[in-house]
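A short worksheet on the structure shown next.
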Amino acid sequence: MAVGKSSRHYLGESESVEIQHGGRRRTTSSLDTPYVLVLTPRYILIGIFSLGFAVSFSYFCLSSGSHFQDNASVPTDPVEGVVEEVGQLPFMGYNTWNAYHCEINETLIRETADNVIKLGLADVGYNYVNVDDCYSEKNRSEAGDIIANAERFPSGMRNLTDFIHGLGLKAGIYSDSGWFTCALYPGSFQNEERDARLFNVEWGFDLLKYDNCAVPFDEIIKEGMVGKFTRMSNAIRDLAKETGRAPMLYSLCQWGREEPWLWARELGQAWRSTPDIEDTWRSIAGIINANSFITWANNFYGYNDMDILEVGNGGLNYEESKTHFTAWAFMKSPLLVGTHLATITEETLSILKNKEIIAINQDPVVGTSVTPFRWGVNPDWTSNTTHPAQYWSGKSENGTVFMLINVLDESADMTFNLTESPWMKAGRQYAVRDLWTHTDNGTAVRSFTAKAVPAHGVVALLMKDDGDEPKGTEPPCQREEWCMDKNGTRIDDIGFEPW
Ligand code: GLA
C-alpha cells in the first residue's frame, strides 16, 4: 500500500450520540491537583437497565476494538511491488520552518538531529528531521535537477540524510506543486517524477512536504487543486512500485484550500487543514476552531495537519503551550517540533515530551480524533475563532479521553456530565487519570468538574471504566430525556407528551 486509500481507514462506528446538559451535583472530594471531582447525590434506585446496557456496550467495545486492529493491518488497496506502508499514525519529528525560516544550513540540521537524540525527543517518538523551504539553489542544473545550495549544504543532501539515518532517524524534504516554492526556489510542477526520484532515490529522503505557491496559469495546468497535488502523488506511488521500497510519506500543504479533508486521503497521509500557524494564542484558538468541524476526517493513514508546533517560541505562556500541544496531539495532527533545540528550556521539553499526551496521538488501536461534545461558552456548532469548542472527548486504546479548554481570559470551573460523551456508559463509574499532572484522581460518578482551569488552559483526562456506579445513584437516568420506569412511569419532567 503506497499512498493510503480511504476505504479501509474509515472504520465502522455506529453508536448514536447523546448529549445531556445540566444535572444535579455536589462536591464530595478535593484532590491533589487543581481539579476536583464532583459526584452527584445518591438516592435510592434499582438500576435494572444499567447492567444490561453495560454488558451489551462492553460487547460492542470488545468487538469494535478488534475491528480497528483488523482494519489497520489489512490493506484493501495494495500497490503492486510496494511492501511497506507509511503514515499509519500521525508522523512526529522536527521541521526547520518555524524556528529558522530560510536561515538553514547543513551544520544546523546536523546539530538539530543530534539534539533530537540527546534531548530524548526521539525516545518519545519524534523520528523525522524535516528540511523545509530554502535548501536549494535558485535555479535547476542544466540537466534539469534541483541542486542543493552550495554555500549552505556544501556536503550535499545525500550526506545529510546519511547522517540523519545514521542516528536512527528519518529525513524529510520540501517542494512545491507550482513553478516555485513559497520562498521562490524551484518548485516541482512538470518535474514531479524527476524530483520524486531525486528526493527519494538520489538524496535518500523519506518524506515530502508539498506546498501550494506559484500556481501555473489555468491554460497551462488545466487542473484544479486535486489534480495539481495528484501529480506528485502519482510520481511517488510509481517510484515506490519501481523500487519496491516504502514510498515517501506525502504531506500535502495547501493550507486547507479546496477542502483537502475530502480528497487528500486518496493521495497522501496528511494534509494541512488551515493557514500558516503563528506564535500567538489567537492563531492557536483559530486553528482549533477550524479543525473542530473536520475531526471526522482523521483516521489511520490520513490526518488533518494543524501545522508545525510553536511550543517554545515565546509567544505562548505555559498554559497556552500545553493547550496547543494537547489539542494537536488529541486531534491527531502530525507533531512537528518547531523551536530552537540548542537553547530549549526544560519547561518546553516537559511539554513536548509528555508521554501520556503523545500516547493518545500515537494510539495504535484507535486512529480517530477527539471531537467536541459541547461548545461551552458558545452554542453548539458555533464557529468562533477566538472562542472555539471547550468540551471534547474521543476513544482511545485505554479508555475515553477528554480535553477541556478554557477559552476565557480568566480562570474558570469546567463541568460536564460523563455521558455527554458518546463513549461513556451510563450506570458505570470511571477512574480518572490526569495526563498533565500524571496523577490518578479518584473516581468520577455521573459528572466531573475541573476547578479553576487557568485562562487559555487545558485539562486532559483519561477515564477508564471502574465498575458499576454505587447503587441508588440518582437521578435514575443520567440523561433525563425520556427516562422511564419499567412499569411505564415517566421519570423525566421535560414535559414532552407522546403522540
Ligand atoms: C508555506 C507553508 C509553510 C512553509 C513556507 C515555506 O507558507 O505553509 O509551512 O513551508 O511555505 O516557504
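Every read-out reported here was derived from the displayed coordinates using simple, explicitly stated rules and does not represent laboratory data. From a predicted model like this one, the values you see are computed outputs, not experimental measurements. Here Cβ is always computed from backbone atoms with ideal geometry, including for glycine, and neighbour counts include all displayed protein chains.
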Cα-projected label distance for D162 with T385, points at 7 Å along beta-carbon direction, nm: 4.8
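By how many nm would the segment from D276 to V201 lengthen if fully extended, with 0.36 nm per residue of separation less the alpha-carbon distance? It would help to have the intermediate numbers written out before the result.
On the way: separation 75, 0.36 × 75 = 27.00 nm, distance 2.99 nm.
This chain segment gains 24.0 nm when fully extended.
May I ask you to compute the full-extension gain from E474 to A455, defined as 0.36 nm times their residue separation minus their alpha-carbon distance, rounded to one decimal in nm?
Numbers: separation 19, 0.36 × 19 = 6.84 nm, distance 3.30 nm.
So the chain would gain 3.5 nm between E474 and A455.
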Which whole-Hz couplings ³J(HN,Hα) result when phi for each residue of the stretch 391-397 is put into the Karplus expression 6.51 cos²θ - 1.76 cosθ + 1.60, θ = phi - 60°, listed in order with x for Gly and Pro? 10, 10, 8, x, 7, 8, 3
Roughly how far apart, in whole Å, are the Cα centres of the stretch 137-151 and the stretch 357-415? 46
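Quick one: putting +1 on the C-beta of Lys and Arg, -1 on the C-beta of Asp and Glu, what dipole do you get for the stretch 372-481 around its Cα centre, in Debye to the nearest 20?
Values: 10 positive and 15 negative charges, 39 e Å.
Value, rounded to 20: 180 debye.
Under the classification rounded if a/c is under 1.5, otherwise prolate if a/b is larger than b/c and oblate if not, where does the stretch 372-481 fall, given a ≥ b ≥ c as square roots of the Cα gyration tensor eigenvalues? Mind showing how you got there, number by number?
Values: a/c = 1.90, a/b = 1.45, b/c = 1.31.
Judged from the Cα gyration tensor, the stretch 372-481 comes out prolate (a/c at least 1.5, a/b above b/c).
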Testing the spin-label approximation: label points 7 Å from Cα along Cα→Cβ at S155 and K464. State their distance in nm. 4.6
Mind checking which aspartates and glutamates have their C-alpha under 12 Å from K322, skipping anything on the same chain fewer than 8 residues away? E310, E347
Within the stretch 352-423, list the GluC sites (Glu not before Pro) lying in a DSSP loop whose Cβ has at most 10 other Cβ atoms in a 10 Å radius. E410
Going by the alpha-carbon gyration tensor, a ≥ b ≥ c the square roots of its eigenvalues, is the stretch 92-369 rounded (a/c under 1.5) or, if a/c is not under 1.5, prolate (a/b greater than b/c) versus oblate? oblate
Suppose every Lys and Arg Cβ carries +1 and every Asp and Glu Cβ carries -1, with no other charges. What dipole size does the stretch 147-196 come out with about its Cα centre, to the nearest 20 debye? 160
Distance in nm between E410 and T489 label points, each 7 Å along Cα→Cβ, equals 4.5
